[in-house]
Structures are given as C-alpha cells and as structure tokens.
Amino acid sequence: MLRNALYGLRKSPQLFNQLLDELLNSCGLRRCVHEACIYKYYDADGWVLVGAEVDDLIVTGTNTKKMAELQRLFQDKWGVEKWGDIHTFLGMRYKYNRPAGVLTLDVEQKIKVMLKRFPELAKLP
C-alpha cells in the first residue's frame with residue numbers, strides 16, 4: 001500500500017501524508033498549526049522537529065531517546081534503513097561541519113534540473 005501511495009496513484013502525496021500524520025501523532029508529535037509540514041515534540045528530555053514534504057523528511061532535535069524511537073518505528077513500519085546526516089532535501093544539497101557547527105546548502109543541482117526542463121531560462125541576462 002505504501003508503494004502505491006507514494007508512486008502509483010494520483011492522490012499519492014495525500015495518502016502518504018495521511019499515513020505519516022497517523023504515525024507521528026501516535027508517537028506524540030503534533031503538527032504545527034501554522035505550518036502543516038512541520039511536526040514538533042517537547043518534553044523534559046528535549047525537543048524533536050520533523051519536516052515533511054511528501055516522502056522527503058528531516059528529523060532533528062535534542063531528544064535523542066525520542067529520535068531513536070522514531071528511527072525504530074520508521075524501520076519497523078516502512079523498512080527505512082538510511083538514517084543519518086542529511087545530504088539532500090527537496091533538491092538542495094546540504095553539508096554539515098559538525099565540529100564547526102556550520103551548515104552549508106546549495107541549489108546547484110536544482111538549478112541544473114530547472115535549466116534542463118526550461119532551457120529558455122538559460123538565455124536570460
């Protein structure tokens with residue numbers, strides 16, 4: 001069902017969003033009122049934020065217990081194996097220098113895709 005929800009149907013994004021919403025709510029995360037693609041969780045151990053755009057997700061926070069719980073849940077429910085530092089999100093490339101605390105992102109690949117799709121943009125001054 002998940003594979004169909006993600007890739008096979010016209011309502012794919014809506015169906016996956018519904019499944020994700022149920023899963024995150026079951027873990028105590030709540031959707032932000034003003035930004036529907038952000039889920040939040042706070043307790044005495046810290047916080048967790050999940051950014052979701054269709055099937056592209058970012059999970060970050062200070063509550064390592066809750067983040068580990070989410071990781072196990074995603075692995076058990078959907079077989080998600082890749083869970084670690086972010087490299088790309090929504091077509092943007094991310095580089096995180098953890099020791100320096102510096103996050104760099106660029107949209108070079110996104111621009112290349114856009115120029116390939118709309119070659120007339122390359123002719124603009």
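All of the numbers you see were taken from the coordinates with simple rules; none came from a lab. Just so it is clear, the model here is predicted, and its values are computed rather than measured. Backbone-built Cβ (ideal geometry, glycine too); neighbour counts: all protein chains shown.
So which residues in region 84-102 are aromatic (Phe, Trp, Tyr) and either surrounded by fewer than 12 Cβ atoms within 10 Å (Cβ to Cβ) or without any contact (Cβ under 8 Å) to a residue 24 or more places away in the chain (or both), if there are any at all? Across region 84-102, the qualifying residues are 94, 96.
Listed here are the strands (runs of 3 or more DSSP E) enclosed by region 50-108 that have at least 2 residues being under 21 Å from residue 13 (Cα atoms): 56-61. Every condition in (1) among the β-branched types (Val, Ile, Thr); (2) under 18 Å from the mean Cα position of the chain (by Cα); (3) farther than 20 Å from residue 27 by Cβ holds for residue 102 except the one numbered (2).
Scan region 27-38 for residues that are in contact with a helix residue (DSSP H, G or I) (Cβ under 7 Å, 6 or more places away or on another chain) and closer than 16 Å to residue 68 by Cα and report the count. The total comes to 1.
Quick check: is even one residue across region 7-22 among the acidic types (Asp, Glu) and either in contact with a helix residue (DSSP H, G or I) (Cβ under 7 Å, 6 or more places away or on another chain) or assigned to a loop (DSSP other than H, G, I, E, B) (or both)?
Taking region 7-22 first, the residues among the acidic types (Asp, Glu) are 21-22.
Pick out the ones that are also either in contact with a helix residue (DSSP H, G or I) (Cβ under 7 Å, 6 or more places away or on another chain) or assigned to a loop (DSSP other than H, G, I, E, B) (or both) and you get none.
So far as region 7-22 goes, no, none of its residues is among the acidic types (Asp, Glu) and either in contact with a helix residue (DSSP H, G or I) (Cβ under 7 Å, 6 or more places away or on another chain) or assigned to a loop (DSSP other than H, G, I, E, B) (or both).
Let's see how each residue does on (1) touching a Cys at 6+ places or on another chain (Cβ under 6 Å); (2) of a type in the set (S, T, N, Q); (3) surrounded by 11 or more Cβ atoms within 10 Å (Cβ to Cβ); (4) within 28 Å of residue 18 (Cα to Cα):
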| residue | (1), (2), (3), (4) |
| --- | --- |
| 64 | no, yes, yes, yes |
| 71 | no, yes, yes, yes |
| 81 | no, no, no, yes |
| 104 | no, yes, no, no |
| 114 | no, no, yes, no |
| 118 | no, no, no, no |
